[in-house]
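Colleague: I'd like to ask some things about the structure below.
The values are calculated or read from the model by the stated rules, or taken from the named source; none is laboratory data. Everything quoted here is computed from the prediction, not taken from an experiment. Every residue, glycine among them, receives a Cβ derived from its backbone with ideal geometry; neighbour counts consider all protein chains shown.
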Amino acid sequence: MRGHKVTVIDTDYVLGGTTANTTARITAQQGLLYSQLIKQKDKETARLYYDSQMAAIEELEAIGKKHNLDGDFRRVDGVIYVEEETSISELETEAEAYQTLGIDGTLLKQGIDLPFETSAELVMRNQAEFHPLKYLKGILEVLEEKGVTIYEHTRGKSLDGDMLTTNDGNNIHFKNIIIATHFPFLDYQGFYFNSFKISRSYGLVVTTSTPPPENVSLSGHDGPSLTTRHIIGRDNEHPTLLFGGMGHMSYMEKDMIDQLEKLRLYADQKTINEERFYAYRAQDSMTADSLPFIGCFDTKHDNRFVAAGFNKYGMTNVVLPSMIISDLIEGSDNRYHEMVSPHRNKGVLQQIKQHATTPMESMSVEAKNMLKNYPNIDDVELSAGEGAVVKDGMLKKGLYKDEENNEYYVVDNRCTHMGCSLSWNQPDKTWDCPCHGSRFNFKGNVIEGPATEDLDVEIKKDND
Ligand SMILES: Cc1cc2nc3c(=O)[nH]c(=O)nc-3n(C[C@H](O)[C@H](O)[C@H](O)COP(=O)(O)OP(=O)(O)OC[C@H]3O[C@@H](n4cnc5c(N)ncnc54)[C@H](O)[C@@H]3O)c2cc1C
């Protein structure tokens with residue numbers, strides 16, 4: 001903390017966000033990124049990005065050792081595999097990029113003893129895995145010892161000068177503020193609403209009798225593109241594996257139960273699985289040029305910072321703000337800053353991709369929703385625990401029948417962020433926005449931003 005007095009606020013409870021539902025591979029191997037970066041930017045940027053990610057892995061390891069954190073941190077090799085012969089050339093191009101940049105890695109042809117068949121494997125050495133919540137629980141204890149104040153259930157709502165106002169009307173005066181709220185709230189002020197696309201992915205935790213070797217962390221490039229992480233200590237007798245995959249953009253609005261079932265089928269093709277412990281969905285923000293946004297929130301304030309847009313590689317990229325923003329606060333240079341600054345030069349193509357496609361996708365999903373024929377609120381029959389979008393006169397509403405007392409929660413069907421129509425997510429019992437990823441519980445309370453305002457809600461009795 002370098003001598004600064006630090007306060008953390010969280011709209012929910014700390015450690016309850018996306019980080020609680022991540023696969024937690026800690027890796028500089030982020031798909032076929034390095035050939036893309038050389039083409040899109042240049043060799044120097046591609047190498048600098050690799051250096052930044054490796055520095056983040058070392059920092060996580062060093063902090064874990066220094067504070068004796070029990071986070072199951074261990075070094076593994078990252079492996080991107082392809083199943084089809086026709087995909088090998090893509091790995092070859094990436095392997096050439098590794099060679100050009102001096103990245104420690106190699107391309108193998110069926111060179112790793114995996115429980116399923118592959119055509120080729122691209123290895124990046126010396127990566128890592130951990131259990132993020134165990135690790136962060138230890139970090140919280142260290143922060144508390146150092147006198148950091150943490151306010152949970154406190155939502156940041158607005159900024160005026162050097163004052164942050166929270167949802168319960170309290171004001172916090174700050175010298176510097178870091179907005180690390182996943183999708184930045186106050187995104188209008190920083191023009192962030194067009195900068196990120198939301199990608200959703202699914203996770204499944206199973207025990208298996210045929211685990212992949214413990215020293216590799218896998219990521220499929222073709223086929224169902226599954227990723228894996230070993231879960232240590234869950235069940236010593238039966239190795240436990242986390243499978244991630246079935247990702248898609250939020251505006252594609254896929255059914256969660258169908259996606260989880262597909263993930264289960266694919267996972268069962270890869271390893272012989274026994275017991276299933278968890279199945280879930282989570283989402284992350286993606287940027288047009290695949291680099292995160294870390295630095296000054298806008299160009300008008302030198303004491304407002306942002307850390308977002310981690311492209312499903314947040315385990316390394318959330319470490320960078322601790323290096324970069326602390327240097328910026330102290331007026332020191334940081335070698336990674338310009339590369340990941342939200343105000344970096346992104347080139348014309350990336351700018352178009354960033355600012356034009358998100359509104360177009362939002363409009364197309366809105367148009368699709370307008371054509372849907374929703375049942376009338378008075379005609380619909382819901383079982384307890386069920387929800388649906390319904391028509392109420394000229395308006396669309398969200399209707400949910402409570403399990404405890406058979407009351408109905410009727411909420412506005414428009415997201416309070418930018419007015420997109422919300423979809424009902426039955427397994428999570430939430431209202432989800434396909435445009436920018438905001439989520440609300442069935443009572444209409446925000447559980448994930450960028451929205452900061454709850455939905456209007458009316459509670460009706462069975463006979464109302
Ligand atoms: C399925 C999936 C798998 C992934 N796998 C990997 C992987 O293997 N390796 C990897 O490196 N990355 C992975 N990622 C990406 C990584 O998990 C994320 O990038 C990272 O967890 C994001 O961290 P965060 O701190 O930005 O967000 P969060 O963990 O969501 O934290 C943000 C916090 O801000 C709070 N908040 C929100 N709004 C407000 C507000 N207005 N006021 C106050 N608090 C607020 C939230 O309650 C939350 O606690 C994966 C992502 C997904 C979705």
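Colleague: Out of the strands (runs of 3 or more DSSP E) lying entirely within the range 420-464, which hold 1 or more residues that are crowded, with 21+ Cβ neighbours inside 10 Å and under 16 Å from the mean Cα position of the chain (by Cα)?
Modeller: Hits in the range 420-464: 430-432, 446-448.
Colleague: Out of the range 167-186, which residues are of a type in the set (V, I, T) and either within 14 Å of P342 (Cβ to Cβ) or buried (at least 18 other Cβ atoms within 10 Å of the Cβ) (or both)?
Modeller: Correct list: I177, I178, I179, T181.
Colleague: Please go through the range 274-288 and pick out each residue that is more than 18 Å from I231 (Cβ to Cβ) and either among the small types (G, A, S) or within 11 Å of the ligand (Cβ to nearest atom) (or both).
Modeller: R281, Q283, D284, S285, M286, A288
Colleague: Output the qualifying pairs, or none if there are none: Cβ atoms under 6 angstrom, residues six or more apart or on different chains, first residue in the range 295-323 and within 10 Å of the ligand (Cβ to nearest atom), second residue of a type in the set (D, E, K, R) and not in a helix (DSSP H, G or I).
Modeller: So the pair list comes out as K312/D284.
Colleague: Moving on. So in the range 324-336, with the set limited to residues that are of a type in the set (A, V, I, L, M, F, W, C) and more than 16 Å from the ligand (Cβ to nearest atom), which one is nearest to R2 (Cα to Cα)?
Modeller: Out of the qualifying residues, it is I329.
Colleague: Could you list, in sequence order, the residues of the range 130-163 that are under 25 Å from G331 (Cα atoms) and either within 9 Å of the ligand (Cβ to nearest atom) or of a type in the set (K, R) (or both)?
Modeller: Across the range 130-163, the qualifying residue is only K146.
Colleague: Might you check whether a residue that is out of contact with any Cys (no Cβ under 9 Å at 6 or more places or on another chain), at pLDDT below 95, buried (at least 21 other Cβ atoms within 10 Å of the Cβ) and basic (K, R) occurs anywhere in the range 187-199?
Modeller: Yes - at least one qualifying residue is present in the range 187-199.
Colleague: Here is a further query. For the range 32-39, check the following and say yes or no: at least one residue is hydrophobic (A, V, I, L, M, F, W, C), more than 8 Å from the ligand (Cβ to nearest atom), closer than 26 Å to G245 by Cα and surrounded by fewer than 18 Cβ atoms within 10 Å (Cβ to Cβ).
Modeller: There is at least one residue in the range 32-39 that is hydrophobic (A, V, I, L, M, F, W, C), more than 8 Å from the ligand (Cβ to nearest atom), closer than 26 Å to G245 by Cα and surrounded by fewer than 18 Cβ atoms within 10 Å (Cβ to Cβ).
Colleague: Test Y251 against the criterion of being surrounded by fewer than 18 Cβ atoms within 10 Å (Cβ to Cβ), at pLDDT below 95, within 21 Å of the chain's Cα centre (by Cα) and among the hydroxyl-bearing types (S, T, Y), and give yes or no.
Modeller: Answer is no for this residue.
Colleague: Taking the range 1-31 as the search range and keeping residues that are charged (D, E, K, R) and more than 6 Å from the ligand (Cβ to nearest atom), which one is farthest from P450 (Cα to Cα)?
Modeller: Filtering first and then ranking leaves R2.
Colleague: Turning to a different aspect of this structure: Taking the condition over 27 Å from P132 (Cα atoms) and at pLDDT 95 or above, does E338 pass?
Modeller: yes
Colleague: Contact list please: Cβ distance under 6 Å, first residue in the range 22-35 and in contact (Cβ under 8 Å) with a residue 12 or more places away in the chain and assigned to a strand (DSSP E or B), second residue of a type in the set (D, E, K, R) and buried (at least 22 other Cβ atoms within 10 Å of the Cβ), pairs at least six apart or on different chains.
Modeller: From the range 22-35, the pairs are R25/E129; R25/R229.
Colleague: Scan L143, L122 and give me the residue that is surrounded by 14 or more Cβ atoms within 10 Å (Cβ to Cβ), aliphatic (A, V, I, L, M) and within 30 Å of T93 (Cα to Cα).
Modeller: Result of the check over L143, L122: L122.
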